[in-house]
Amino acid sequence: MSCKSKRAKHSGNIVIRNAAQVVTPTGKTARKGAEMSALAVIEDGAVVVTDGVITYVGSTAELPAGDYSAHTVIDAGGRAVVPGFVDSHTHLVFGGYREEEFSWRMRGDSYMSIMERGGGIHSTTRATRAASFDELFASAHERLDRMLSLGITTVEGKSGYGMDRKTELRQLEVMRALDAEHPMDIVPTYMGAHATPAEWKGREDEFIDWMIAEVMPEVAERGLAECCDIFCERGVFTPEQSRRYLTAALALGFRAKIHADEIVDTGGALLAAEIGCLSADHLLMASDEGIAALAASSTVATLLPCTAFSLREHYARAREMIDAGCAVALATDLNPGSSFTSSIPLTFALACIYMKISAEEALTALTLNGAAAVGRAESIGSLEVGKRGDLLVLDFPSYKFLPYHVAMNIVRTVVKGGVVYNNQ
């Protein structure tokens, strides 16, 4: 049940040479604080992937002699090579859209006020409950295709738009089928406690008890999810309810994740650090105490700038978090309401321009730290011998173009496990 790398489905052979730079963070755990700026930069670099696994990273001049006839050879032509991006927080399987609610927000209605009158998560829940397996699979597959073209090679996907037994299981079953069929790897997260559905309104404690007793064990028994998440927020679930839910999840072998301190400070960051969550996500309103607790823990602070942008909220205090010693990841929060985008280019731009993150920190946040936020830093997230061959060739000679070419996709070639899936 733990968030660990599954049996690899990618086993390609490739040689990439003559890269202006091969750029990567290093290690098998999240980089914290100042470590996030420490990138290995290899000029005139090369990478070899054999049977899906990296076997060489170094200069082109020192590329080992050997028989590469079984390898696809790509001349990077003076372009930069970086690890594949890991989008560690999305809600990619859902039914329906909420374009009307977007216009309401543009006129000044708050996210929570829309949710309180039956919109928001509840609107998507109704549409997702009504959608068939095939409909959910087809729409999510199209989203994954777009994400792959943007350089995302591993993505986390949450359930949570059913909040009943049948639909929660259907969402997770769709993710399992997508993971088997699509080039991208999907890390499934069970989020039955995304909100309180209408039929349980006013009985939140009973709803949590029911999820723990009736749905969570089946998800665990069938191996449908690796992680478990809850929305800890005023008007949604309290820290006490969140603790009970996540403690039960940990006992069943899930790794814990938490939507924390997005609208108000509820102490979600403190709870995440205390119980050892894999990640605490959003954190727009995280307190100084919460940031300090995350810095002292192994919990990754996953920040979602596209959500703050779409909601016209202030951004999470990324600069302060990194300076305090936190491990920060960045993710898109793709969902039909508060962040209907999978744009890694926009994520880079917002993080660097408005959240005061450096290009080096942003690259680490979207690769190695994103991998750590889904429990896979030992196998992906950096270009190192022994890790999976997930990498990108950019259109430009430096990784610094990722935020500089503002909100533009500069990914030229996507390689997943040594297999080329997108080559412009």
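Couple of notes before you dig in:
- Over region 38-150, accessible surface divided per residue gives 44 Å², non-protein components excluded, 1.4 Å probe.
- Alpha carbon centroid spacing (whole Å) that separates region 35-95 from region 185-258: 37 Å
- Antiparallel %, DSSP beta bridges [both residues in the chain], to 5: 45 percent
- Annotation: lysines with alpha-carbon distance below 28 angstrom to residue 201 (same-chain offsets under eight excluded): 158, 166, 257.
- Rounded to the nearest 20 debye, the dipole magnitude of the chain is 400 debye, with +1 charges on Lys and Arg beta carbons, -1 on Asp and Glu beta carbons, and the Cα centre as origin.
- Burial order of peptide ranges 236-246, 333-343, 370-380, 64-74 (average beta-carbon count within 10 Å, highest first): 370-380, 333-343, 236-246, 64-74
- Candidate lysines for bridging to residue 400, where Cα separation is under 27 Å - those fewer than 8 sequence places away on the same chain excluded: 28, 32, 356, 387, 416
- For region 81-202, the fraction of 1.4 Å probe accessible surface lying on carbon and sulfur atoms is 53 percent.
- Environment charge at residue 352 (Cβ cut-off 13 Å; Lys +1, Arg +1, Asp -1, Glu -1): +1
- Hydrodynamic radius by Kirkwood, which averages 1/r over all alpha carbon pairs of region 336-424, in angstrom: 14.0 Å
- A 1.4 Å probe run over the protein chains yields, for region 283-379, 28 Å² of accessible area per residue, whole-number rounding.
- Net charge over other residues, Cβ less than 15 angstrom from the Cβ of residue 319 (K, R count +1; D, E count -1): -2
- Based on the Stokes-Einstein relation at 20 °C and a viscosity of 1.002 mPa s, and on the Kirkwood radius from alpha carbon pairs, the chain is assigned a translational diffusion coefficient of 101 µm²/s.
- Cα extents of region 91-191 along the three principal axes, largest first (Å): 40, 32, 20
- Placing one equal scatterer on every Cα of region 184-280 and applying the Debye formula, the log10 ratio I(q)/I(0) at q = 0.12, 0.18 Å⁻¹ is -0.34, -0.77.
- Pairwise centroid distance, computed over Cα atoms, of region 141-173 with region 290-349, Å: 20 Å
The values are calculated or read from the model by the stated rules, or taken from the named source; none is laboratory data. No experiment lies behind these values; they were computed from the predicted model shown. Quick reminder, even Gly has a Cβ in these numbers, built from the backbone with ideal geometry, and neighbours come from all protein chains shown. Just the protein is used for accessible areas: all its heavy atoms, side chains included, with ligands, DNA and RNA removed. Shrake-Rupley method; radii C 1.70, N 1.55, O 1.52, S 1.80 Å.
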